[in-house]
Amino acid sequence: MKPIITDTNSFFDIISIGALQEFFSLDYEICTTVFVIQKIRQSDQKEAIEEFIRLKKLMVFDFSSDEIEAIERFETSKNFKGITDKSV
């Protein structure tokens with residue numbers, strides 16, 4: 001199973017309850033996009049997430065310029081207008 005984190009707030013919630021280590025200890029390949037990661041601004045939170053990227057516990061999908069253009073043109077419901085939402 002590959003759970004995909006689609007919202008940066010999910011990471012914030014997991015960090016706030018002190019369960020980041022446990023979350024990444026689950027037997028899943030956890031994925032997200034570069035746009036979700038870029039929304040993490042607080043340095044200690046960013047460092048914590050980057051550690052799991054380095055350990056290959058978190059797979060981060062990046063996009064080419066053509067893919068970004070396609071994402072921006074992608075029609076979604078009114079609740080998913082930002083590139084972060086559309087990229088997942």
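The values are calculated or read from the model by the stated rules, or taken from the named source; none is laboratory data. What you see is a predicted model, and the numbers here were worked out from it, not measured in a lab. Please note: Cβ atoms are built from the backbone with ideal geometry, for glycine as well, and neighbour counts cover all protein chains shown.
Residues in the range 58-88 that are surrounded by 16 or more Cβ atoms within 10 Å (Cβ to Cβ) and at pLDDT 95 or above: how many?
2
For the range 11-49, which positions are within 23 Å of Glu67 (Cβ to Cβ) and not hydrophobic (A, V, I, L, M, F, W, C)? Full working, then the answer.
Taking the range 11-49 first, the residues within 23 Å of Glu67 (Cβ to Cβ) are 11, 29-40, 49.
Result: Glu29, Thr32, Thr33, Gln38, Lys39.
Return the total of residues in the range 1-24 being out of contact with any Lys or Arg (no Cβ under 6 Å at 6 or more places or on another chain) and either among the charged types (D, E, K, R) or part of a helix (DSSP H, G or I) (or both). Break it down stepwise before answering.
Going residue by residue through the range 1-24, those that are out of contact with any Lys or Arg (no Cβ under 6 Å at 6 or more places or on another chain) are 1-7, 9-23.
Now drop any that are not either among the charged types (D, E, K, R) or part of a helix (DSSP H, G or I) (or both), which leaves 2, 7, 9-16, 20-23.
Summing the residues that are out of contact with any Lys or Arg (no Cβ under 6 Å at 6 or more places or on another chain) and either among the charged types (D, E, K, R) or part of a helix (DSSP H, G or I) (or both) in the range 1-24 gives 14.
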